[in-house]
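Comments concern the structure below.
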Amino acid sequence: MTAHGVSIPWWDKVACASILAMATVLGGRRVVVTVTRGLVRSGPVDALAGQAASAAVILAAAATGLPLSTSSVVTYWMRDARG
């Protein structure tokens, strides 16, 4: 695959993917705990409503071709749920 005429070697793609996977394995749990428990305490109904709203926003953006960060969408509802 080329981007603007520049070819990226396969080993470079594998190295980047491996580093990202390793970082997720080593630090992912800490991030998830911080986001899910550190920002807001929510019950099952709150979590379901937030996930449904996030899914609706993501689907609407995808249908209209708008770029957005799915992580940001989910994090925003959690942040705003604090009141």
³J(HN,Hα), Karplus 6.51/-1.76/1.60, whole Hz, each residue of the stretch 67-76, x for Gly, Pro: x, 7, 8, 5, 5, 5, 4, 5, 5, 4
So if each residue of separation counts as 0.36 nm, and I subtract the Cα-Cα distance between LYS13 and LEU66, what length gain in nm does that give? 16.4 nm
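Every number in this text was worked out from the coordinates using simple rules, so none of it is lab data. All values reported here derive from a predicted model rather than from experimental measurement.
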